[in-house]
Amino acid sequence: MVSRHISKRLLYYRSALVHLEKMGFEYVYSKTIGEEIGVSPDVVRKDFSNIEIRGKRKVGYKVSDLIRKLDEMFGKTCCFEIIVVGMGNIGKALTKYEDYLSERIKILGGFDINPSRIKSFNEIPIMHFNEVEAFVAKNGIKVAVITVPEISAQLVCNKLIEAGIKGILNFAPVMLKVPDDVFVKNISIADEITRVFYHARIN
């Protein structure tokens, strides 16, 4: 089992490898992969060695084999099925993202409390949030995306956990409190923009 820090890098590697494969690369060196995500070749080789991936001295790593190995590691040989709670601007934008299928991610349903939003959107059924528990149980959903206002985010989070959700991607501007066995990734667009400005200024 690799650490969350390394697993995050491995996901970056996968995205870089998919990009390189689309560009026509069949084999790639650790230096090229490292340049794609901003780490040294030594870090790339060490990360791959930790999951028993080794390249060949003269040609490097075979791109398709790397992608397959990473897919197997992250369980992406099958489709990741998720739900989105909150069908405002961010929720709707997420359902329009066209690269989900290439990443084997499928949004099975969206949820909201606003009656005007409870209808199919972009071929995805939108239901009232009261139905989320039954939907999660029926479809075996383990991951949810939260895009609701700050004031209701924790209540939504609590209900999702009660329904059996174990992973949450949170776009609400609040740090959610969850049990130790639930993983939360908080996405603050404002914080990310501020961080970009900071690095742009010091460089």
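The values are calculated or read from the model by the stated rules, or taken from the named source; none is laboratory data. Note that this is a predicted model, so its numbers are computed, not measured. Virtual Cβ from ideal backbone geometry, glycine too; neighbours counted across all protein chains shown. Quick note on the areas: whole protein, heavy atoms, side chains included, nothing else; ligands and nucleic acids left out. Shrake-Rupley method; radii C 1.70, N 1.55, O 1.52, S 1.80 Å.
Backbone amide hydrogens, once placed in the peptide plane, bring residue 60 within less than 5 Å of nothing, excluding anything fewer than 5 places away on its chain.
When the surface is traced with a 1.4 Å probe over the full set of protein chains, residue 20 keeps roughly 0 Å² accessible. Summarising the label geometry, the points placed 7 Å from Cα in the beta-carbon direction at residue 42 and residue 120 lie 5.6 nm from one another. Heavy-atom accessible surface of the chain, averaged per residue, reaches 63 Å², computed with a 1.4 Å probe. Straight-line reach from residue 62: which lysines fall under 16 Å, measuring Cα to Cα and dropping same-chain residues less than 8 apart? Correct list for residue 62: 22, 31.
Computed on region 87-162, the Cα convex hull volume stands at 96 Å³ per residue. Note on the chain: the alpha carbon radius of gyration divided by the globular reference 2.2 N^0.38 Å gives 1.17.
Heavy-atom accessible surface of residue 128, to the nearest 10 Å², is about 50 Å², with a 1.4 Å probe and all protein chains retained.
In terms of the mean number of neighbouring beta-carbon atoms within 10 Å, the peptides 114-122, 149-157 order highest first as 149-157, 114-122. Per-atom-type breakdown for the chain gives carbon and sulfur 55% of the accessible area (1.4 Å probe, protein chains only).
Within the listed set 86, 140, 24, the residue fluctuating most in the Gaussian network model of the chain (springs between alpha-carbon atoms under 10 angstrom) is 24.
Coupling constants for region 130-145 follow from the phi torsions by the Karplus curve (6.51 cos²θ - 1.76 cosθ + 1.60, θ = phi - 60°), and in residue order they are 4, 8, 5, 4, 5, 5, 4, 5, 5, 9, x, 6, 10, 10, 10, 10 Hz; glycine and proline get x.
Expressed per residue, the C-alpha convex hull volume of region 14-68 stands at 70 Å³.
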